[in-house]
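**Q** The structure follows.
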Amino acid sequence: MTEDLQTGIIRISDDVVATIAGLAALETPGIAAMSGGISEGLAKRISGKNVQKGVSVEVGQLEAAIDLRIIVQYGIPIHEVCRVLQDNVREAVENMTGLNVVEVNVKVEGVAFKDDELDELNRVK
C-alpha cells in the first residue's frame, strides 16, 4: 500500500501484511499451526522469527489478497474453522493497515492430533 499525503508517503510492505495475517491466523481457535508446505514439513509451529510461514500476500495500492496454508486441530469442523479464520485475518489486516482485503484463500494441508489422541488411534489399529 502506498498513500500520498501532503506530509509524505506511507508504504506498507508485503512482509508486514503477511506478519499480521499469520498472527491473526494463529490466534484463531482450531488452528493448530501454519504449514510451510512440504519442503518445510507439516505441523511446525510458527515462531516469533518466522510468522510469515504459510502466508502469501499480494498487496496493491488499496487492496490485498491473502493465501494461507494451515493445519487444523483434529475433531473441529474444518469448514467452520476456515470461515472464522477468513474473518479474523480480513479484520486484522483491514484494521491495522487500512487496506481492503479482497480475498482470503485457505488451503488445509494437515490435521494435528494431541498425543493422547494419537495413542488412542494406535490402540484401535
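**Q** When you check Lys53 against the structure, is it basic (Lys, Arg), under 19 Å from Leu85 (Cα atoms) and modelled with pLDDT of 80 or more, yes or no?
**A** yes
**Q** Take the residues in the stretch 90-116 that are among the small types (Gly, Ala, Ser) and under 18 Å from Ala64 (Cα atoms); name whichever of them is surrounded by the fewest Cβ atoms within 10 Å (Cβ to Cβ).
**A** Gly98
**Q** Taking the stretch 69-89, which residues are open to solvent by 80 Å² or more (accessible area, probe 1.4 Å) and within 8 Å of Gly30 (Cβ to Cβ)?
**A** Glu80
**Q** Here's something else I'd like to know. Can you tell me which residues in the stretch 20-44 are modelled with pLDDT under 95 and hydroxyl-bearing (Ser, Thr, Tyr)?
**A** Listed by number, the residues that qualify are Ser35, Ser39.
**Q** Something else about it: Within the set of pairs 6+ apart or on separate chains, which have a first residue in the stretch 75-95 that is closer than 18 Å to Ala112 by Cβ, a second that is among the polar types (S, T, N, Q) and open to solvent by less than 40 Å² (accessible area, probe 1.4 Å), and C-beta atoms under 9 Å apart?
**A** Listed pairs, sorted by first residue: Val81/Thr28; Val84/Thr28; Leu85/Thr28.
The values are calculated or read from the model by the stated rules, or taken from the named source; none is laboratory data. Because the structure is predicted, anything quoted here is derived from the model rather than measured. Heads up, the Cβs are rebuilt from the backbone with ideal geometry, glycines too, and the neighbour counts pull from every protein chain shown. Quick note on the areas: whole protein, heavy atoms, side chains included, nothing else; ligands and nucleic acids left out. Shrake-Rupley method; radii C 1.70, N 1.55, O 1.52, S 1.80 Å.
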